[in-house]
1. List, in order, the whole-Hz ³J(HN,Hα) value for each residue of the range 467-483 obtained from phi through the Karplus relation with A = 6.51, B = -1.76, C = 1.60 and θ = phi - 60°; use x for Gly and Pro.
2. Mind listing which trypsin sites (Lys or Arg not before Pro) in the range 274-367 are in a DSSP loop and have 15 or fewer other Cβ atoms within 10 Å?
3. Going by amide H atoms built from the backbone, whose H comes under 5 Å of the H on TYR464, apart from near neighbours?
4. Which pairs, out of LYS422/LYS473; LYS150/LYS251; LYS90/LYS150; LYS95/LYS150, put more than 31 Å between their alpha-carbon atoms?
5. For each of CYS443, CYS35, CYS312, count neighbouring Cβ atoms within 10 Å of the residue's Cβ, then give the residues from fewest to most.
6. Answer with one residue from HIS458, HIS487, GLY437: the one whose Cα lies farthest towards the positive end of the charge dipole of the range 437-494, charges on Cβ with Lys, Arg +1 and Asp, Glu -1.
7. Charges on Cβ only, +1 for Lys and Arg, -1 for Asp and Glu, centred on the Cα centroid of the range 76-492; of LEU366, THR102, MET282, which one is farthest towards the dipole's positive end?
8. Are there GluC sites (Glu not before Pro) in the range 331-416 that DSSP puts in a loop and that have at most 11 other Cβ atoms within 10 Å, and which ones?
Amino acid sequence: MSSNPVHSLQSIEPQMSTSYLDFLSVVNMSTIVLCMGGLLAVLIARWLKRWQNPKCNGVLPPGSMGLPFIGETLGLIIPSASLDLPPFIKTRIKKYGPIFRTNLAGRPVIVTADREFNHFLLRQDGKLVDTWSLDTFAEVFDQTTQSSRKYTRNLTLNHFGIEALREKLLPKMENAINDTLRAWSSQDSTEVKSATITLTIDFAAKQLFSGDLDDAPLKLSDMFNNLVDGLMSFPLNIPGTAHHRCLKSHKQVRELMSEVLRKRRCSNEKREDLLHYLINDMDTEDFLSEGFIIQLMFGLLFVSSDSISTTCALAFKFLAEHPEVLDELTAEHEAILEKKENMDSPLTWSDYKSMTFTLQVINEILRLGNISPGLLRRALQDISINGYTIPEGWVILLASAALHLNSSEFEDPLTFNPGRWKDLNPSVVAKSFMPFGSGMKQCAGAEYSRVFLATFLHILVTKYRWELVNGGKIVRAPIIRFPNGFHYKITPKT
Ligand code: HEM
């Protein structure tokens, strides 16, 4: 320590002034940090308030917008091991009524389970609402192709509609299903969901491009299995996520389709398949670019495989669990065979038309299966309903599953009871049953699907029996999935 006070003072003074300045700057910094923190808190609170109460020229339907950015997405994709409505929708209908607001994957959404409103909206396509897809669907099905929807619809109806089915597809389907079931019956066990994806993809691919991919190193059906798994996943595109795998498979399928198209355009070979018509139409339809054709073939392969394979898998389950239904169904199909002069002669269109109970079984599987929870639309303008306003641009989920499982219209709705279709009120069928949609955009492959399923059931129940050997669990997340597969041992009837 110094004995010189001046020196001491001098040596202390700078120290004091530095600490004082430090002190002041700390105080200033704290004040600034506090002020900025406060400002940030106010901004976040205002932003949260705005997130929870989005702008609307009226009163929004009740509900919650969930957490910033992700909204209530996690609630929707939490799996539930039941055929019942996803708990996300069920609990909110109980709490808020049939029309409520939410936010899914960052988008404001209105969910409606109001039968009359849904019926009305489906007749307003192109006026009050337009088709919309979740982000993954949008990336996979490419929204830009919507403008040529009419062409796609007509093309599908020409190649997969009633006339095509009656004139040429029915016997081809019967052969393909016969061969497939024979092959399955030689295996110890068959996972029927993925095996039916293979059947439906191979069959549709033959109609689309005559099996040009038969020698391809990667199997189309494997790619589609990956793709289906990721479709309703959270749209997080990083390696390891289902969304990433889905987009990767989509890319691989597109590359294969592009190769098919390139080869076909270079060859002079004429084939009577859908691709031939598409290439011909390229001269007259401006929108028919290579990209459009690839997207279209991809989309048709997808829609013709996933929904039909899920319905087939559920048929195995429901029929195995309801022997009385299986007996009635088998009787209907044995009667069809008995009426034929030659039991091995192919199924005819009038055979198909006589399958009354079969079509009720198919309706009941579709009603309970609810392959997708609903139809997606986007409001083209503000829409008023029951004193509420749905703002322009909002997504609307028409929850058809909620109508299919509504106990006031379908008694004991979770029970598999095809007999209920015998005397259902036609207005219930018209307004509350829409597995293929309704109105202008109703599924263009509905009859194809029914014929495929009826033919499949005809061969299955007349020639085979089956028992579950593994798996058999159902999960909705919210699309129906079979986590451990549906593994059945299929045995020829003696
Ligand atoms: C069980 C099988 C199927 C189910 C449950 C199903 C369901 C649906 C639904 C609900 C829609 C309407 C979507 C909406 O309104 O937003 C739709 C549209 C469509 N489906 Fe299917 N589908 C099935 C099979 C097929 C098949 C096999 C094909 C093709 C061969 C197909 C082709 C189409 C097309 C082209 C559309 C768009 C129609 C348009 O916008 O005009 N579907 N499907």
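Every number in this text was worked out from the coordinates using simple rules, so none of it is lab data. Predicted, not measured: the structure shown is a model, and the values here were computed from it. We place every Cβ from the backbone using ideal geometry, glycine too, and count neighbours over all the protein chains shown.
1. My calculation for the range 467-483 gives 9, 6, 10, 6, x, x, 7, 10, 9, 10, 9, x, 6, 5, 9, 10, x Hz in order.
2. On the way: sites: LYS317, LYS339, LYS340, LYS353, ARG367; in loops: LYS340.
Passing sites in the range 274-367 are LYS340.
3. Sorted by chain and number, the residues that satisfy this are LYS493.
4. On the way: LYS422/LYS473 29 Å; LYS150/LYS251 25 Å; LYS90/LYS150 35 Å; LYS95/LYS150 40 Å.
Check vs 31 Å cut-off fails for LYS90/LYS150; LYS95/LYS150.
5. Ranked by crowding around the Cβ, least crowded first: CYS35, CYS443, CYS312.
6. Checking the options against the dipole of the range 437-494, the answer is HIS487.
7. THR102
8. Values: sites: GLU332, GLU334, GLU338, GLU341, GLU364, GLU392, GLU409, GLU411; in loops: GLU341, GLU392, GLU409, GLU411.
The qualifying sites are GLU341, GLU411.
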